[in-house]
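**Student:** What follows is a structure written as structure tokens; I'll ask about it next.
Derivation of every value follows stated rules applied to the coordinates shown; laboratory data play no part. Predicted, not measured: the structure shown is a model, and the values here were computed from it. Glycine also receives a Cβ, built like all others from the backbone with ideal geometry; neighbour counts cover every protein chain displayed.
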């Protein structure tokens, strides 16, 4: 009997200890998520740029993305290149003005104050920018009139910056003997640049960085400066931003991103894209409205949030898990995978992680290392954990 009592006491002690460990674990998770929530609120309270909310891919204001897309279609320069230049030049501020007379998102100069004193804007309008503006629907009586419009119009600023970027890209291609004739207005020549090249490809880096240097300091400076010691580290900074935006899959009209035809899928993806690089991973996060508002998720709650934002409920958010998501949509073969499909991975358990397929071998997901992020499915880690489970939520 005494032995039986001792066993009961031991079992009781184990239960109490196990229970206290579970309680401690839950308290720890709550503390971590609360800390993430506070940090995210502080991060999001820095303010944007006027009425342009800083909620785009990796900080690109969402209202500017359509302007970069349009300018990309006009010039053949990928939108992620244009976004990179705008980030370096103005921090995405259409109202930005510099001491040397450059204005707007892409910091276009009207007068060459430090050089010949020439009217640079008049030159651009005369050689082709004016025609591009007319095609885009702008009505103006002359260069000065269009300049007045430009100063107040972010769309016009994006078009002008893209036009000048193409101007210098054509110049660099000509100087590198990649084209026989110099045509500043050639969009066709932009196809000579492999925009999907590896970022360490020497030719790709040279062409882009020289173009950025020319944009910053003019053709003579741009073609001769040591790129590693260029003023303000301009070509290297812009190249770095460009690679980040390209990797993030900024919804693209001419770059590496893929935009689908289904509006529901695009709306779901857009909802998640605004948190890329801004949302910490929190196991169990995204189940309360305050966490959702602050962008604090885990992998399954992010997927739930994205599709709910597009009008599709994938069950009760309180109970959403990777396992519950397996009950929605229809199973499809990995070889038939399309943008918007849910992809599952075997991590700490079978089907322990989930993401949204973007196309081009990329997925939107909330991972424990970077939080909400765009990951490449072709990396060794992703290839070792992807399990072939794919669910299509929207046909």
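**Student:** So, R0 is 25 Å and r is the distance between the beta-carbons of residue 293 and residue 318; what FRET efficiency does that work out to, to 0.05?
**Tutor:** So the FRET efficiency works out to roughly 0.95.
**Student:** What order do you get for 350-358, 189-197, 133-141 when each peptide is scored by the mean count of other beta carbon atoms within 10 Å, highest first?
**Tutor:** With the highest mean Cβ count within 10 Å placed first, the list reads 350-358, 189-197, 133-141.
**Student:** Within 10 Å, count the other beta carbons around each residue, average over each peptide in 211-223, 89-101, and list them highest first.
**Tutor:** Per-residue mean Cβ counts within 10 Å order the peptides as 211-223, 89-101.
**Student:** At a Förster distance of 25 Å, what's the computed FRET efficiency of residue 152 paired with residue 123, Cβ-Cβ distance as r, to 0.05?
**Tutor:** Once rounded, the FRET efficiency stands at 0.70.
**Student:** Then there's this: Report the full-extension gain for the segment residue 327 to residue 376: residue separation times 0.36 nm, less the Cα-Cα distance, to one decimal in nm.
**Tutor:** 15.1 nm
**Student:** Let me ask something else about it. With viscosity set to 1.567 mPa s and temperature to 4 °C, compute the Stokes-Einstein D of the stretch 263-392, Rh being the Kirkwood radius across alpha carbon pairs; µm²/s, no decimals.
**Tutor:** Taking Rh from Cα pairs, D becomes 91 µm²/s.
**Student:** What is the distance, in nm, between label points placed 7 Å from the Cα along the Cα-to-Cβ direction at residue 200 and at residue 237?
**Tutor:** The answer from the label model is 2.6 nm.
**Student:** Here's a follow-up. Pull out the extension gain between residue 360 and residue 187, defined as 0.36 nm times the separation in residues minus the alpha carbon to alpha carbon distance; nm, one decimal.
**Tutor:** 59.9 nm
**Student:** Using Cα-Cα distances under 8 Å and only pairs 6 or more residues apart, what relative contact order does the stretch 279-395 have, in percent?
**Tutor:** The normalised contact order for the stretch 279-395 reaches 27 percent.
**Student:** Could you check the spin-label model distance between residue 262 and residue 221? Points 7 Å from the Cα along Cα→Cβ, value in nm.
**Tutor:** Calculated label separation equals 4.9 nm.
**Student:** Something else now. Relative contact order of the stretch 57-248: what whole-number percent is it, with Cα pairs under 8 angstrom and at least 6 residues apart?
**Tutor:** 23
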